[in-house]
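A quick write-up on the structure given underneath.
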Amino acid sequence: VQVGYHLGDENDWWEVVQNTAMRGLYEQLPAEQRAAFRDQHLSFVAEQKTAEGLWMDVRTRFAAGLKPG
């Protein structure tokens, strides 16, 4: 099921990066490269923005079951 939503801008995207497992990848960069990476990455992300914002693609699988008895 598609349960995605729009983020307001690249700063909202950066909040996602910093509050998910993606932060661990970012923190593997040498400290002196992080600011440049962040600036370059957010510049790219900003280019993806539409009038609705940035699409956050969230595909989710739901399952249901019945307990016997």
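The values are calculated or read from the model by the stated rules, or taken from the named source; none is laboratory data. This one's a predicted model, so the numbers in the text were calculated from it and none came from an experiment. No Cβ is skipped: glycine too gets one built from the backbone with ideal geometry, and neighbour counts run over all protein chains shown. Note: accessible area is taken over every heavy atom of the protein model, side chains too, but ligands, DNA and RNA are not part of it. Shrake-Rupley method; radii C 1.70, N 1.55, O 1.52, S 1.80 Å.
Against the criterion of being part of a loop (DSSP other than H, G, I, E, B) and either modelled with pLDDT of 95 or more or touching a strand residue (DSSP E or B) at 6+ places or on another chain (Cβ under 7 Å) (or both), Leu42 does not qualify. Checking each residue in region 20-39 for being farther than 23 Å from His6 by Cα, assigned to a helix (DSSP H, G or I) and open to solvent by 80 Å² or more (accessible area, probe 1.4 Å) picks out Leu25, Glu27, Glu32, Gln33, Phe37.
Among the residues of region 1-15, which ones are part of a helix (DSSP H, G or I) and modelled with pLDDT under 95? If the condition is that a residue be part of a helix (DSSP H, G or I) and modelled with pLDDT under 95, then no residue fits.
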